[in-house]
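Following: one structure in structure tokens, then a few remarks.
The values are calculated or read from the model by the stated rules, or taken from the named source; none is laboratory data. Quantities reported herein were computed from a predicted structural model and do not represent experimental measurements. Methodologically, a virtual Cβ is constructed for each residue, glycine included, from the backbone with ideal geometry; neighbour enumeration extends over all protein chains shown. Ligands, DNA and RNA are stripped out before the accessible areas are found, and what is left, the full protein with its side chains, is counted by its heavy atoms. Shrake-Rupley method; radii C 1.70, N 1.55, O 1.52, S 1.80 Å.
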Amino acid sequence: AAAAAAAVAATLAQPPVKAAGKAELLAQREAALRREPADLLGEQLSRNWSFLGDEAQGALSRSLVVIVGLGASGSQAAALLGRCGVGCLRLVDPADVTADSLAHHAVATAADVGRGRAEVSREALRETVPALAAEVCRARLCASNAPSLLRGADLVLLCIRDPAAAAAGLALLCLSPSAPALRLG
């Protein structure tokens, strides 16, 4: 009970965060697409296009997914979503890579210890999917910043392992009108 109360208190005590709008992120994606060779993204997504078709792949490329928590589940989700053609990711995580987290973070290396988990994920994604627009918000999801962090989202992935923090995050998602949400371990 004490851990749950502390998690709820932490979600209420954070300063507000200003996240970019979906239109701004899509504009960043379009600018990145103009810098890349025309066939690179097509080759990367050729299997998706053949499976999903033009309309569905186009919808993916215009989508914004908010990932809250970039540890084991969140870093894997970000890597996979970026590689399958999701156009915009908002990566929300206040934590740094630790030596302990190297065993399960999707892309972090020993050189990344002490750096933000969301920043490390964004940099790796830029190397593999240059056309992806990925925004880093180094914050906790809380009542004061949920409207900004969730604005424009087509999907929210809550990837928080701590049960009390996850429960508080789910409560925030239920209270604020946002996109469909999934909780990943």
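Sort out which residues of region 77-98 are over 11 Å from Arg122 (Cβ atoms), free of Cβ contacts under 8 Å to residues at least 60 places away in the same chain and of a type outside the set (Gly, Ala, Ser), and write them in order of number. Within region 77-98, Leu80, Leu81, Arg83, Cys84, Val86, Val92, Pro94, Asp96, Val97, Thr98 meet the criteria. Where residues in region 83-109 are farther than 13 Å from Ala134 by Cα and β-branched (Val, Ile, Thr), which of them is surrounded by the fewest Cβ atoms within 10 Å (Cβ to Cβ)? Here the residue is Thr109. Would it be correct to say that Gly114 is among the small types (Gly, Ala, Ser), touching a residue at least 12 places away in the same chain (Cβ under 8 Å), open to solvent by 40 Å² or more (accessible area, probe 1.4 Å) and part of a loop (DSSP other than H, G, I, E, B)? Yes: the conditions hold for Gly114.
So, in region 79-92, how many residues would count as being in a loop (DSSP other than H, G, I, E, B) and on the phi < 0 side of the Ramachandran plot? Show your work before the answer.
The initial filter retains those residues of region 79-92 that are in a loop (DSSP other than H, G, I, E, B), namely 84-87.
Then keep just the ones that are on the phi < 0 side of the Ramachandran plot; that gives 84, 86-87.
Of the residues in region 79-92, 3 are in a loop (DSSP other than H, G, I, E, B) and on the phi < 0 side of the Ramachandran plot.
Select from region 108-145 the residues that are of a type in the set (A, V, I, L, M) and over 14 Å from the mean Cα position of the chain (by Cα) and list them in ascending order. Listed by number, the residues that qualify are Ala108, Ala110, Ala111, Val113, Val129, Ala131, Ala143.
When Ala38 is tested against (1) at pLDDT 65 or above; (2) open to solvent by 50 Å² or more (accessible area, probe 1.4 Å); (3) not polar (S, T, N, Q), only condition (1) is not met. The strands (runs of 3 or more DSSP E) found wholly in region 125-184 and carrying at least 3 residues that are touching a strand residue (DSSP E or B) at 6+ places or on another chain (Cβ under 6 Å), at pLDDT 85 or above and open to solvent by less than 20 Å² (accessible area, probe 1.4 Å) occupy 133-137, 155-158. Scanning region 69-78 for residues that are in contact with a strand residue (DSSP E or B) (Cβ under 6 Å, 6 or more places away or on another chain), among the aliphatic types (A, V, I, L, M) and not in a loop (DSSP other than H, G, I, E, B) yields Ala77, Ala78.
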